Amino acid sequence: MIRHDHTFRYLATLFLALLVSFAGAQNLDRRISVSASNQPLGDVLKMITKKSGLNFSYSSQQIPVSKKVSIHSDNEPVRDILDKLLKPLNIQFVISEKQLILKPVDSGTPETPATPATSEKRKYTISGFVKDKASGEILIGANVYDKQSFLGTTTNAYGFFSLTLPEGTYDLAYSLVGYQPTSQSIDLHENRRVSFELGEAAFNMKEVEIVGSQDDEGVQKANPGELKFSNATLKQMPGFAGNIDVVKSLQSVPGINSFGDGSTFYYVRGGNSDQNLLLIDDAPIYNPSHLFGFFSALAPDAIKDVKAYKGDFPASYGGRLSSVIDVRSRDGNMKRLGFSGNLGPFTSDLTIEGPFKKEKSSFILSARRSNLNWLNFSSVQNRTFSIIFYDLNAKVNLRLNDNNRLFITAYNGDDDFRSLNGSSANGFGIEWKNSIGTLRWNHIFNSRLFSNTTAYYSKYDYFLYISRALNNYWTSAISNGSVKTDFTWYPNPKNTVKAGLEVSNHYSNPGNVHVSDASLTAFITDIPQYRSVEYSFYLSNEQLLTPKLSVRYGLRLTSWRDMGATTVYVFDGTHKVIDTVSVAANTIYQGFVNPEPRISMGYTFSENSSVRAGYCRTVQYLQMLSNSTSPFTSLEVWAPSGPTLKPQKADQYTLGYVRVFGKAHFNFSIETYYKKFYHQQEYKDHANTLYNPLIEGELRFGTAESYGVEVLLRKTEGKFTGWIGYSYSRAMRTIEDVNNGEPYPAFYDHPTTICFNLSYKSGRHWEYSANWIYLTGSAITTPVGFYSYNGYSVPIYGKKNNDRLPDYHRLDVAVTCWLNKPESKFKHSLVFSLYNAYGRNNPFSLNFNKVMDDQGKFYIPSDLDGNYEIVPTKLSVAGVIPSLNYTFRF
């Protein structure tokens, strides 16, 4: 049993100790040591900033930053050091908002002492967008900061930034991973609107970036629980069959565990697979898989940026307990027409993009289709099955004027697996579809206030065909339509305030049967469908309290309303139906209101190391009811919280440390966490889960908890890049009437996980990459014995999840040969990849219902006569899968 009380006290003690360490406020009386001989004044001021935490603000036209100076002070107050350094240069300093403003001493007046200014300098705001120089697309997460005071900000999800500074001349720096850093001199004597473009670095081998730049702004904002992937990063990782895969790429970092081969199921820090939220341009996608999970349902060339949150979520995100993966699609080239593609044996894709009107509007259209029917080697007329999937991404970007911009996004994905009888489709089949539409409006009220209004619709449909010829099938569905508005206010460089409001309409069909024969309709039970309305509001602030101490705090408030028309079944304490209530249309029959506080604090020890602690409460109103762990099933039933299903809740506590070595070429992070889950559900033993109107009566409820530590070492620059990760974690559940009410490990409990992802660039034409994953086998239930009954061997089961599958490990490798010269506009390459390179047979299930005779042949028990021994058999998904792909871009 987990000793969660001790774990909680341990984390709480560390958290309190961290808060105590924050108490040392920085001031002019702090003692430091400074030694410099014949160095530029600007460099000496930076040295003092690093050691004291105090920031300087000045005009390089008035202050001789290039003048060579010398100073040697040992354990002296900062005030005395500045007097020694600046008085000989006729420079005085004035304190303003915890900054030291430097200015020349007026020759006609005596020097004034360094006391708080009675009248502060007038302040102005510089705002605008940072864009890609080649395409004109906005850049997310770019750093914008003053090189002298180090005050700065980052661009938001729409490339917008706002920075308020005292009047003066500044040397602003712009940077982003994968782009060439640059700077620009700005005379700030009024509010200014600028747009700046960054060119791609000539040699870019950077990999996963933790949110918050560690190259230019130190490690103040670094958070081990937040990860960022760019499109360039994803392309360097060996995907399945030569395809970029967002979900599988994220499974290569500690804390995000995969199900295994042939599945996009993933589990984050002890949470179930339905407790993860995947967004595409703000709209949720419910089943991000193709071909039962071998491929992700995201077109590779349509992806611009991916952020993953596995720790404390920003208050703007809600609806899931364990993780948020926020995918932003590309806007399309604003300057010129271009195309790209990927031709391979399993899939092919093509992307076309360009401007409608240069610098004003653009489009991107990306399509992908499977090429899998060659796997069925029979002739077309005699094929026994057909496998087809496709996805289509489209986006339009319209800049209406300097203050208004529209984005329109559409996505549609479809999987169709069917058995064939001759040339007609008379057999069974499986089909699922994802559809998304998003309209977003960016509006700039003024230089400090930005808003984005989004309206979206997302729907997922699943069909299990009993007979395609007769159009008989079982179907389930879930959909969501929402309107939301988000505001970002930049009152000053030390505060970024965000607020938002969202209204969502949810619909769910838990599974119904459709038959074409009208005479059979009367015998089919209609399963009640669900409709709910959700209201969400959030308010948060990211604040720099001191040069070393930052805090992000916020509150999310949600209100959930279940509405008719539907039928509600009321269960007693023994899970038996005691009443049936018919609810009229638009009538509220159940409601919930839940606050979700979030807070995290970061402290910077030096320019190379920082620590961060956080607490996050999350609430989830939609849950997936499924008792299958197979990657080949999509028989999920989505149900909302209601009279029986209470909203799931989770509390997470985190504590992490980040260290940068060798000018940020090596980054080390470690984070520990503890999570407590409430109102978790599990099916009872031998539950009736398919086509059951009383399915909520088959559920049992309880709690869960998880804890762990995650370690990541990354090399971010050079020809050889990548990371090595390790995590130790546990995930335990305690459910009434399951395992006698005792704690048991969840199926996705993987105590040990090891991963590495390495990339190497050799010369101008060759790139090599490898990805290896190891994790402890999944927890499963196996028989503890057998007894004989009428000649049959019947298994006896003990505790739930008392055994484990064999440990999972897999190596993927890829080799890329660029066929063009680096300076060529037409870029094309050959990519050879091996999935599961050393052919590990990783089982996803064990089977005990087969027996072996004396000749080693397997039979089912009813076919046997005599004494035979029960032997387990295991089923694996795939061996070695090679692929050769041709990629091109112009």
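The values are calculated or read from the model by the stated rules, or taken from the named source; none is laboratory data. Fair warning: this is a prediction, and the values are worked out from it, not measured in the lab. Here the Cβ positions follow ideal geometry from the backbone for every residue, glycine too, while neighbour counts run over all protein chains shown. These accessible areas exclude ligands, DNA and RNA; they are computed on the full protein's heavy atoms, side chains included. Shrake-Rupley method; radii C 1.70, N 1.55, O 1.52, S 1.80 Å.
Checking the conditions here, which among 645, 690 is open to solvent by less than 10 Å² (accessible area, probe 1.4 Å) and not in a strand (DSSP E or B)?
Values: 690 fails: open to solvent by less than 10 Å² (accessible area, probe 1.4 Å).
Sole residue among the options that is open to solvent by less than 10 Å² (accessible area, probe 1.4 Å) and not in a strand (DSSP E or B): 645.
Return only the number of the condition from (1) part of a strand (DSSP E or B); (2) among the β-branched types (Val, Ile, Thr); (3) modelled with pLDDT under 95; (4) open to solvent by less than 50 Å² (accessible area, probe 1.4 Å) that residue 580 does not satisfy.
Residue 580 satisfies every listed condition except (4).
Can you name the residue in the stretch 313-328 that is out of contact with any Leu (no Cβ under 8 Å at 6 or more places or on another chain) and open to solvent by 10 Å² or more (accessible area, probe 1.4 Å) and is also nearest to residue 560 (Cα to Cα) among such residues?
318
From the residues in the stretch 493-519 that are open to solvent by 50 Å² or more (accessible area, probe 1.4 Å) and either touching a strand residue (DSSP E or B) at 6+ places or on another chain (Cβ under 9 Å) or of a type in the set (D, E, K, R) (or both), which one is farthest from residue 691 (Cα to Cα)?
498
Can you name the residue in the stretch 619-633 that is surrounded by 21 or more Cβ atoms within 10 Å (Cβ to Cβ) and polar (S, T, N, Q) and is also modelled with the lowest pLDDT among such residues?
Only one residue tops the list, namely 623.
Do any residues in the stretch 411-438 that are open to solvent by less than 20 Å² (accessible area, probe 1.4 Å) have Cβ atoms under 6 Å from those of residues that are small (Gly, Ala, Ser) and at pLDDT 90 or above, where the two are at least six apart or on different chains, and which pairs are they?
434/413; 436/283; 436/458; 438/283
What about residue 696, is it under 30 Å from residue 637 (Cβ atoms) and not in a strand (DSSP E or B)?
Values: under 30 Å from residue 637 (Cβ atoms): yes; not in a strand (DSSP E or B): yes.
Yes.
Determine whether residue 531 is among the charged types (D, E, K, R), under 30 Å from residue 462 (Cα atoms), touching a Gly at 6+ places or on another chain (Cβ under 9 Å) and assigned to a strand (DSSP E or B).
It is true that residue 531 is among the charged types (D, E, K, R), under 30 Å from residue 462 (Cα atoms), touching a Gly at 6+ places or on another chain (Cβ under 9 Å) and assigned to a strand (DSSP E or B).
Please return the ranges of strands (runs of 3 or more DSSP E) entirely within the stretch 263-330 where 2 or more residues are touching a helix residue (DSSP H, G or I) at 6+ places or on another chain (Cβ under 7 Å).
On the way: elements: 266-268, 276-280, 303-309, 323-329.
Here the list reads 266-268, 303-309, 323-329.
Of the conditions (1) in contact with a Gly (Cβ under 8 Å, 6 or more places away or on another chain); (2) modelled with pLDDT of 90 or more; (3) within 30 Å of residue 691 (Cα to Cα), residue 645 satisfies every one except a single condition; which number is it?
(1)
Looking at the stretch 51-88, which of its residues are more than 12 Å from residue 33 (Cβ to Cβ), of a type in the set (Lys, Arg) and either surrounded by 13 or more Cβ atoms within 10 Å (Cβ to Cβ) or free of Cβ contacts under 8 Å to residues at least 24 places away in the same chain (or both)?
Correct list: 68, 79, 84.
In the list 319, 293, 311, 332, which residue meets the criterion of being in contact (Cβ under 8 Å) with a residue 60 or more places away in the chain and closer than 12 Å to residue 247 by Cα?
The conditions single out 293.
With respect to residue 808, determine if the residue is open to solvent by 70 Å² or more (accessible area, probe 1.4 Å), within 27 Å of the chain's Cα centre (by Cα) and under 29 Å from residue 666 (Cβ atoms).
no
Hey, could you check the stretch 97-137 for residues that are over 30 Å from residue 200 (Cα atoms) and open to solvent by less than 10 Å² (accessible area, probe 1.4 Å) and say which is modelled with the highest pLDDT?
102
Go through the residues of the stretch 459-482 one by one and say whether even a single one is acidic (Asp, Glu), open to solvent by less than 40 Å² (accessible area, probe 1.4 Å) and in contact (Cβ under 8 Å) with a residue 40 or more places away in the chain. Talk me through it step by step, then tell me what you get.
Narrowing the stretch 459-482 to residues acidic (Asp, Glu): 461.
With open to solvent by less than 40 Å² (accessible area, probe 1.4 Å) added as a condition, the list becomes 461.
Still in the list and also in contact (Cβ under 8 Å) with a residue 40 or more places away in the chain: none.
Looking through the stretch 459-482, none of the residues is acidic (Asp, Glu), open to solvent by less than 40 Å² (accessible area, probe 1.4 Å) and in contact (Cβ under 8 Å) with a residue 40 or more places away in the chain.
In the stretch 331-374, what residues are in a loop (DSSP other than H, G, I, E, B), aliphatic (A, V, I, L, M) and within 30 Å of residue 502 (Cβ to Cβ)? It would help to see each step written out before you state the result.
So the first thing to find is which residues in the stretch 331-374 are in a loop (DSSP other than H, G, I, E, B), and the list is 331-337, 344-346, 358-360, 371-372.
Checking which are aliphatic (A, V, I, L, M) leaves us with 334, 337, 372.
Result: 334, single match.
Restricting to the stretch 271-290, name every residue that is surrounded by fewer than 24 Cβ atoms within 10 Å (Cβ to Cβ) and touching an Asp or Glu at 6+ places or on another chain (Cβ under 7 Å).
Correct list: 279 only.
Exactly one of these conditions fails for residue 258: (1) under 30 Å from residue 734 (Cα atoms); (2) open to solvent by 10 Å² or more (accessible area, probe 1.4 Å). Give me its number.
(2) is the only condition that residue 258 fails.
Has the stretch 609-621 got at least one residue that is touching a helix residue (DSSP H, G or I) at 6+ places or on another chain (Cβ under 7 Å) and within 25 Å of residue 433 (Cβ to Cβ)?
Yes, because at least one residue in the stretch 609-621 is touching a helix residue (DSSP H, G or I) at 6+ places or on another chain (Cβ under 7 Å) and within 25 Å of residue 433 (Cβ to Cβ).
Within the bounds of the stretch 505-525, is there any residue that is within 21 Å of residue 647 (Cβ to Cβ), modelled with pLDDT under 90, out of contact with any helix residue (DSSP H, G or I) (no Cβ under 6 Å at 6 or more places or on another chain) and in a loop (DSSP other than H, G, I, E, B)?
Looking for residues that are within 21 Å of residue 647 (Cβ to Cβ), modelled with pLDDT under 90, out of contact with any helix residue (DSSP H, G or I) (no Cβ under 6 Å at 6 or more places or on another chain) and in a loop (DSSP other than H, G, I, E, B), one finds none in the stretch 505-525, hence no.
Report yes if some residue within the stretch 585-599 is open to solvent by less than 40 Å² (accessible area, probe 1.4 Å) and closer than 30 Å to residue 669 by Cβ; otherwise report no.
Yes, the stretch 585-599 contains a residue that is open to solvent by less than 40 Å² (accessible area, probe 1.4 Å) and closer than 30 Å to residue 669 by Cβ.
Only one of (1) open to solvent by less than 30 Å² (accessible area, probe 1.4 Å); (2) β-branched (Val, Ile, Thr); (3) at pLDDT 90 or above is not met by residue 396, so which one is it?
Every listed condition holds for residue 396 apart from (1).
Take the residues in the stretch 426-454 that are in a strand (DSSP E or B) and over 21 Å from residue 483 (Cβ atoms); name whichever of them is modelled with the lowest pLDDT.
We begin by selecting, within the stretch 426-454, every residue in a strand (DSSP E or B); these are 429-446, 449-454.
After this cut, where a residue has to be over 21 Å from residue 483 (Cβ atoms) as well, the list is 429-433, 446.
Values: 429: 82, 430: 87, 431: 88, 432: 89, 433: 92, 446: 90.
So, considering only residues that are in a strand (DSSP E or B) and over 21 Å from residue 483 (Cβ atoms), the one modelled with the lowest pLDDT is 429.
With (1) acidic (Asp, Glu); (2) open to solvent by 20 Å² or more (accessible area, probe 1.4 Å); (3) within 25 Å of residue 668 (Cβ to Cβ) as the list, and residue 710 as the residue in question, which single condition is left unmet?
(2)
What single numbered condition from (1) at positive phi; (2) without any contact (Cβ under 8 Å) to a residue 12 or more places away in the chain; (3) not aliphatic (A, V, I, L, M) fails to hold for residue 282?
So the condition that residue 282 fails would be (2).
Go through (1) out of contact with any Leu (no Cβ under 8 Å at 6 or more places or on another chain); (2) not in a strand (DSSP E or B) one by one and return the number of the condition residue 486 breaks.
Of (1) out of contact with any Leu (no Cβ under 8 Å at 6 or more places or on another chain); (2) not in a strand (DSSP E or B), only one is false for residue 486: (2).
Can you name the number of the only condition in (1) free of Cβ contacts under 8 Å to residues at least 24 places away in the same chain; (2) open to solvent by 60 Å² or more (accessible area, probe 1.4 Å) that residue 785 fails?
Only one criterion in (1) free of Cβ contacts under 8 Å to residues at least 24 places away in the same chain; (2) open to solvent by 60 Å² or more (accessible area, probe 1.4 Å) is unmet by residue 785, namely (2).
Restricting attention to the stretch 716-728, which residues are part of a strand (DSSP E or B), out of contact with any Asp or Glu (no Cβ under 8 Å at 6 or more places or on another chain) and modelled with pLDDT under 95?
Those that are part of a strand (DSSP E or B), out of contact with any Asp or Glu (no Cβ under 8 Å at 6 or more places or on another chain) and modelled with pLDDT under 95: 720, 724.
Within the group 132, 146, which residue is over 28 Å from residue 43 (Cα atoms) and touching a residue at least 24 places away in the same chain (Cβ under 8 Å)?
132
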